[in-house]
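Please treat every number below as a calculation from the coordinates, not as lab data. What you see is a predicted model, and the numbers here were worked out from it, not measured in a lab. Every residue, glycine among them, receives a Cβ derived from its backbone with ideal geometry; neighbour counts consider all protein chains shown.
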Amino acid sequence: MTELTTTIIVVFFLSLIGVLGDYFVKSASQAAKNDWLNLAIGALIYASTVLGWVYAMKHLKLASLGVYYGLFTTFILIIVGSYFFNERLNPWEIVGIGLGLTSLIILSRFT
């Protein structure tokens, strides 16, 4: 496995961890009262990714890293949002995600 492939896999797992943090923050934001416990759990989960980010930043340009992370996170959040929070995408959001996927394809040719 190449170093680039390993780094992209690390970024994917960082996205998974980040979305788990997003889940707790979203849950906290929907609570009737301040839900500090879920907010704190989300913050701790976000903080736990710092070592993975150091590794990823060592091996990828920030622009490339941002695109990979953004798209991985978007696709995972679509699943979480629709499954746990009954959120649906409108047509313009679908177009935007398609354009993001196109950027990933273009980026992979030059990384």
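At a glance:
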read-out: 17 Å reach of a label modelled at T74, 7 Å along Cα-to-Cβ, counting backbone N of segment 1-22; value: 12, 15-16, 19
read-out: q = 0.17, 0.21 Å⁻¹, segment 3-110: log10 I(q)/I(0) [Debye, one scatterer per Cα]; value: -0.88, -1.14
read-out: Cα-projected label distance for W53 with L89, points at 7 Å along beta-carbon direction, nm; value: 2.6 nm
read-out: V19, V95, V11, V80 arranged by Cβ crowding within 10 Å, fewest neighbours leading; value: V95, V80, V19, V11
read-out: A40-K61 pseudo-label distance in nm [points 7 Å out on the Cα-to-Cβ vector]; value: 4.3 nm
read-out: Net charge of neighbours whose Cβ lies under 13 Å from the Cβ of T7, counting Lys and Arg as +1 and Asp and Glu as -1; value: +1
read-out: The chain: relative contact order in percent, alpha carbon pairs under 8 Å with at least 6 residues between; value: 31 percent
read-out: The chain - mean residue ellipticity at 222 nm from DSSP helices (-39,500 (n - 2.57) per run, n ≥ 4, rounded to 500); value: -28500 deg cm²/dmol
read-out: Segment 58-111 versus segment 1-22: alpha-carbon centroid distance in Å; value: 13 Å
